[in-house]
Structures are given as C-alpha cells and as structure tokens.
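A quick write-up on the structure given underneath.
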Amino acid sequence: MRLQDWFLTEDERGNPATRLDAWSTGNEVRPLIHGATYFAELATRLDRLGKDDLLLFADWRGDPDERLTPDGPGVAAAMASAAERGALVRGLIWRSHLDRLRFSAEENRHLGEAIEEAGGQALLDTRTRAGGSHHQKFVILRHDRTPEDDVAFVGGVDLCHSRRDDADHRGDPQAAPLPGRYGPRPPWHDVQVAIRGPAVAEVEKVFCERWEDPAPETRQPFRRLRDHVTRMDDMPPLPKPGPPPAPAGTHAVQLLRTYPYRRSAYPFAPRGERSVARAYHKVLGRARSLVYLEDQYLWSTEVIEPFARALEREPELHMIIVVPRFPDQDGWLAGPASLIGRVEALGRLRDAGGDRVAVYDLENHEDRPVYVHAKVCVVDDVWASVGSDNVNLRSWTYDSELSCAILDEEPDPRAPAGAAKFARDLRLTLAAEHLDLDRPGDGLDELCDPRVAFDAFADSAARLEEWHRGGGRDPRPPGRLRPHPAPELTGFRRRLAMPLYRLAVDPDGRPPELRRSRRF
C-alpha cells in the first residue's frame, strides 16, 4: 500500500501556507468509542500534568461543570488544577452565537473565565465567517520531563453536557437540550481518537496556527471591551514547540481540515482549506467494496455526489450509513430547513445504489433513540477517518473542522490482501456494539467480509423492526439498529424552507470561482 494513493499529497491539500506536513508515520492511534471512555482517560492524563507541561485545547462548546468521571472533576476544575500545578494551559473556544438560538455563548465564556482565574488563558474566538463556527474538538498534552506520555485527542466529542455516555446509551446525567423524543437524558453516540507519536506535533501545529493569527478574536466593540476588562483578550506567545514525539506504532496519520475563504484571510489558509472534502473525493474514487459511514447530518447533494458516483462506478460497492433518527440537536436548525438536505442526499444515494445503500438509526435497549453525533468513515477497510466534520457543505467549506485520517501499515491477517488492521478493527468495534455481538463466538470475525457485514446489519434491523411492529410482546431481539425511514417534505414546505437551508443551515464557504465551478 502506497500512502500517496490514499492520502492527499501536499499539492492536493491545496494550501501551501500551512505548516502541516503531508502526513506522519510511526504513530499509535486508539479509537475511544463513547464520551465516557474519552473523558475517563482525559481526566487521568490531566491529573498527571505538572510544572512546565503543556495543555492546549480547542472546542466548539465547553461546559465548565461537565464531569469527566461520575464523581468529577468538572472540565474547568481539571484544567484549572493543571494550571495551578504549573502546567501552561491555553484554549481556543468558539465564542458561539446567542444563547436564545440554543447554542452556548455563556457556557463557553464561563469555561474560559474559570481557566483564566487559575492562571491559564482561553480565547473566545469568533474569527470565522458570518454565521460560521469553530467546530474543531481536540486536546494536546505535552510533557516536559516525560515526552513519551505526549498525546493528542481528536474527534467529535465536545467537552460539554450530554457527551459522557457509554455503550449502554442511557445518556449523560448532565444533559443538554435535545428534541423531546430523545428523552430527559438523551442517549449519545460519539467517537474520539487518542494519538501518540509524531502526529501529536502536527495537531499542535493546528493549534499554533490559530492561536498566532494576528486578527482580533472579535470585531464587535462591546465584546472586545468586555474581554479586555476580564483579561480574556490576552494572547501571550506560546512556547517554542518541542521536537515531535518518538515513533510509537504502525499508523500513518494525515490531518484534514476545513477553513472557509474569508476576505480578512487566515494567514495559514489565505484561500481557506478544504482538505476534508478533497480527501473524501480522493478515497471515494478508490472505493471498491464497502463504505461504512456514521454521521450526524448527511446533508447536501453536492457533498454526497462523490459517494453517488462511486456507487455508479462500482457495481459491487455497498454503503452502510448510520445517522440520528431525528436529525438536529440545535433547536433553531430543526424542522423543514434541516430536512431538505437529507431528503435530497438520501434520494441521490438511493438512485445511484439502490438496495446497495442501507441507512440506519440507533436505539438503546429501552427503545429510546440514540443521538448519533459520531463522524466516522471507513473505506474498504483501508482508510479510516475520525473527526469533527459532518457530511455537509457547511463542514466541507464553511466551519473550521479537524479530522484524523489513518492508514495502518500493518495488514490485517484475518482479511483479504489490502485491508488494514486499524480500519478493519474500527468498523468491527462499531458493528459489535450496534449488533450486540459482545461474546466470543458471536460471529464478529465473519463480518470481516463486507457483504456478510452488510447483510448482518440488514437482518438485525429487520428483526428489531418486526419486533416493534408486533408490539414488543416477545423477548427483544439483539441489536440496536432500525431502518432509517426516508424523510418526506412536501413541495410547498420545501419551497418555503429552501432559502433558510441555503443561507443558514448549509452555507457555502468556498472562494467564488470554486463555488461557480462546483469544485473544492
């Protein structure tokens, strides 16, 4: 396997201004399925930080009181304790839209203030396009005396309410608002990865590029005054980065990003960056057997087009897609405007692939729907991606995003030639949970065969659907998958909602010439 066949080259990234290397090798990447798994490890590692160690983080939403373990500590307390012990703590938190839109402006400010009081520094960052967000979610820990402990966490898990759920999917006791159909403690499915090795230094470069952007963190005068009074506009220089950590494993890692095109350009991405979109176009051009996708939104026919073209090109290609039953967590985006993109995207995929495309949602064993917030893709059990980006135009062009693509240079001995161990194991781990295959002999190894896996998902979902139709009188069959119904939107409602969808739900952040040519 040649890395350049699957990864973007420096030229293909399309952003010569960045400091990032094309990719790094010699890494160890571990998937952390569920927020509870991630938070427990993060709490342990934060507790070990000491004098002159480094904690860098970027987040879309941060709730200072969100507990990292059942007995605490909260996010702010854990970070503040590290600062009090002498660790250098720096954070980039999206300032957020108004709370009346059910985002998190005050929560993010409170997290920043708690870190400031302990001697750290957290910037409330609005250096985005109008209506855009900083959607990246990552944490970097570097150690002055024990560099072998250096680690970066990258993925879809915010440091906030509702994320600390586990495999049982009974929800986080500290719940964030969701549509009532998810219940008072919404079950939450999410994925992060822990990275050790040279790629940690690459994630650090992502943080440094944003931190060192000379533009003011906000252009609104009243916000700037408030930040100045509370000392939240200080941007002390970061220490010179140390050398990359030593090799730790067999994984090649490529960091993929989205930054929008802005007239007040990012110095590290003057024309924006769309390497997330470009990577999907490249790897889907190689897809032959199975694309496995978990995604929060799955909007936009333009973004879904490379998936559809792959289905049309390869008659043996199958797709398994896992999405939330009810699509949006953010109240102002819910309703007809948020359905338009999914209606069109699923329609295009089904036209292209027919019954080779299977779309599911999840529920827990109490029949409560599970909110799918994960952003995971596995192509042919070779290329895997875990990040903050969703499959929509907003994530591919408008908001800032960070994703980790992984190729394993160790082949999978159970699989046909070409399959890689990391990608295969990630897909099987997720399948085991969704199918309730948690005991030896349950047939997990058989799912190495893509067609067997496709049929296993279909059979499990059909059995559970039949059980529900029968009123749930017999013992509940194993599995958590339900066939995802095709959303419906009448012509009148579609016409009414279309302007909001194009303007606010799924805007386009490409330079004008790329928008006109429909290229990324």
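The values are calculated or read from the model by the stated rules, or taken from the named source; none is laboratory data. Treat the numbers as computed from the prediction; the structure is a model and nothing was measured. Methodologically, a virtual Cβ is constructed for each residue, glycine included, from the backbone with ideal geometry; neighbour enumeration extends over all protein chains shown. Only protein heavy atoms, including side chains, enter the accessible area calculation; ligands, DNA and RNA are left aside. Shrake-Rupley method; radii C 1.70, N 1.55, O 1.52, S 1.80 Å.
So what's the back-of-envelope 222 nm ellipticity for the chain, counting only DSSP H runs of four-plus at -39500 (n - 2.57) apiece and dividing by all residues, rounded to 500?
Calculated mean residue ellipticity at 222 nm is -9500 deg cm²/dmol.
If I model a spin label at ALA462 and THR9 as a point 7 Å from the Cα along the Cα→Cβ vector, what separation in nanometres do I get?
Result for the modelled spin labels: 4.6 nm.
In degrees between 0 and 90, to the nearest 10, how far off the longest principal axis of the chain does helix 301-313 point, with axes built from Cα atoms?
Roughly 50 degrees, rounded to the nearest 10.
Quote the FRET efficiency, to the nearest 0.05, computed for LYS51 versus MET1 with a Förster distance R0 of 35 Å and r equal to the Cβ-Cβ distance.
Working: r = 43 Å, r/R0 = 1.23.
Efficiency computed from Cβ-Cβ geometry: 0.20.
Ordered by packing density, taken as the mean number of other Cβ atoms within 10 Å over each peptide's residues, highest first, how do 70-76, 370-376 rank? Could the numbers behind the result be given before it?
Details: 70-76: 16.6, 370-376: 25.6.
Order by mean packing, descending: 370-376, 70-76.
Shape of the range 246-289 from its Cα gyration tensor (a ≥ b ≥ c, root eigenvalues): rounded if a/c is under 1.5, otherwise prolate when a/b > b/c, or oblate? Before the final figure, lay out the partial values.
Working: a/c = 5.64, a/b = 1.43, b/c = 3.94.
Oblate, because a/c is 1.5 or more while a/b does not exceed b/c.
Over the chain, calculate the relative contact order: mean separation of alpha carbon pairs under 8 Å at least 6 apart, over the residue count, as a percent.
Details: 1168 pairs, mean separation 87.1, N = 520.
About 17 percent, as a whole number.
Compute the length gained on full extension between GLU117 and ASP438: take 0.36 nm times their separation in residues and subtract their Cα-Cα distance, giving the result in nm to one decimal. Display every interim value, and only then the final one.
On the way: separation 321, 0.36 × 321 = 115.56 nm, distance 4.54 nm.
Extending this stretch completely gives an extra 111.0 nm.
Taking every DSSP beta bridge with both residues inside the chain, roughly what % is antiparallel (nearest 5)?
Working: 52 of 76 bridges.
In the chain, approximately 70 percent of DSSP beta bridges are antiparallel ones.
Pick out, from PRO186, ALA130, LEU42, the residue whose Cα sits farthest towards the positive end of the charge dipole of the chain, with +1 on the Cβ of Lys and Arg and -1 on the Cβ of Asp and Glu.
Of the listed residues, the answer is ALA130.
Given bins 10 angstrom wide, list per bin the percent of all Cα-Cα distances in the range 249-325, short to long.
16, 38, 32, 13, 1
Got a number for carbon plus sulfur as a percent of the chain's accessible area, 1.4 Å probe?
It is 52 percent, rounded to a whole number.
Based on the mean of other Cβ atoms within 10 Å per residue, sort peptides 308-317, 469-478, 169-178 so the most packed one is first. Mind showing how you got there, number by number?
Working: 308-317: 16.4, 469-478: 9.9, 169-178: 18.7.
Averaged packing, sorted descending, gives the order 169-178, 308-317, 469-478.
Take every Cα pair under 8 Å in the range 141-180 that's 6+ residues apart, average their separations, divide by the length, and report that relative contact order as a whole percent.
After rounding, I find 24 percent.
What distance in nm separates the simple spin-label points at MET235 and ASP351, each placed 7 Å from Cα in the Cβ direction?
With each label placed 7 Å out from Cα toward Cβ, I get 4.6 nm.
Under a point-charge model restricted to the Cβ atoms of Lys and Arg (+1) and Asp and Glu (-1), what is the dipole moment magnitude of the chain relative to its Cα centre, in debye to the nearest 20? Write out the running numbers ahead of the final one.
Numbers: 74 positive and 85 negative charges, 409 e Å.
Using Cβ point charges on Lys, Arg, Asp and Glu, the chain gives about 1960 debye.
So, in nm, how far is label ARG516 from label ARG19 when the simple model puts each one 7 Å beyond its Cα toward the Cβ?
3.6
Give the accessible surface of the chain per residue, rounded to a whole number of Å², with probe radius 1.4 Å and ligands, DNA and RNA excluded. Please report the intermediate quantities before stating the final value.
On the way: 19770 Å² over 520 residues.
Spelled out: the 1.4 Å probe surface of the chain, per residue, equals 38 Å².
Straight-line reach from LYS240: which lysines have Cα under 25 Å away, leaving out those fewer than 8 places along the same chain?
Of all the lysines, those that pass the test against LYS240 - Cα under 25 Å, at least 8 places apart if same chain - are LYS51, LYS137, LYS205.
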